[in-house]
Amino acid sequence: MATTHPWADLLDDEDRLVIERGKYGKTRGLGQRPVLLVIDCQLNYIGRDEPITEQQDEYPTGGGADAWKAVRNIGRLLPLAREANVPVIYSRNVAKKTVKFDGFQQKAGWDHTKTIDGQPGTRIVEEIAPLDEDIVIDKSYASLFWGTPILTYLVALRADSLIVTGVSTSGCVRATLVDGITRGFNAVVVEDATADRVKASHKTALL
């Protein structure tokens, strides 16, 4: 697991002083009933285990090798969570045939039919596939809290905090974290169990 924050090289001396004086970055801690979230670890967004530019022909939104590093670290977390009776909730970012694609997707110019539920790319990668007792929630937008029953599950589980992993750091992971915190949950992100297509976006989102 990481010992140095991925974003450390972004900061100059003034930034570090601002953070220190503002007392930013202090942990909120976790509660007594955390839930592990695995965000969008599907073939569409993980891609092939190759340098990102070498797999974009097949998976234009795939994270490539960096995403697979995150997958392997999630794979180490999952048995620990299950042994500790921490519930695991997966999300899948998919489009239904009855739902139009949003404007963000439309502007990208790639084949969005790959995101329609049932297409191969919508599957969670086999290496960290959910077990029967895990919860899988489909979503159509960045945040797992937008237009899904996630709150119903969290209430039923009496969850008080979120451990967030998955992809992409600056998109669906960050959106889920922000929405989770605004709904009263303490939350942490596992830095080396997340990935992004753009390194700068990954670092900045974690910071």
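Tell me, what does the Kirkwood hydrodynamic radius of the range 106-207 come to in angstroms if you use every pair of distinct C-alpha atoms?
Radius from the Kirkwood sum: 15.1 Å.
Would you kindly give the portion of the calculated P(r) for the chain that falls above 23 Å, as a percent of all Cα pairs?
Of all Cα-Cα distances in the chain, 45 percent exceed 23 Å.
Specify, per residue and in Å³, the volume enclosed by the convex hull of the alpha carbon atoms belonging to the range 34-91.
Taking the convex hull of the Cα positions in the range 34-91, it is 62 Å³ per residue.
How high is the FRET efficiency from LYS69 to GLU20, r the C-beta distance, R0 35 Å, rounded to 0.05?
Calculated value: 0.70.
How high is the relative contact order of the range 129-205, given as a whole-number percent (alpha carbon pairs under 8 Å, six or more residues apart)?
Once divided by the residue count of the range 129-205, the mean separation gives 30 percent.
From the phi angles alone, apply the Karplus equation (6.51, -1.76, 1.60; θ = phi - 60°) to the range 26-40 and give each ³J(HN,Hα) in whole Hz, x where the residue is Gly or Pro.
Each residue's phi maps through the Karplus curve to give 6, 6, 7, x, 10, x, 8, 9, x, 10, 8, 9, 10, 8, 6 Hz.
A short reminder: the numbers here are calculations on the coordinates, not readings from a lab. Every value quoted in this text rests on a predicted model; they were computed, and no experiment measured them. Quick reminder, even Gly has a Cβ in these numbers, built from the backbone with ideal geometry, and neighbours come from all protein chains shown.
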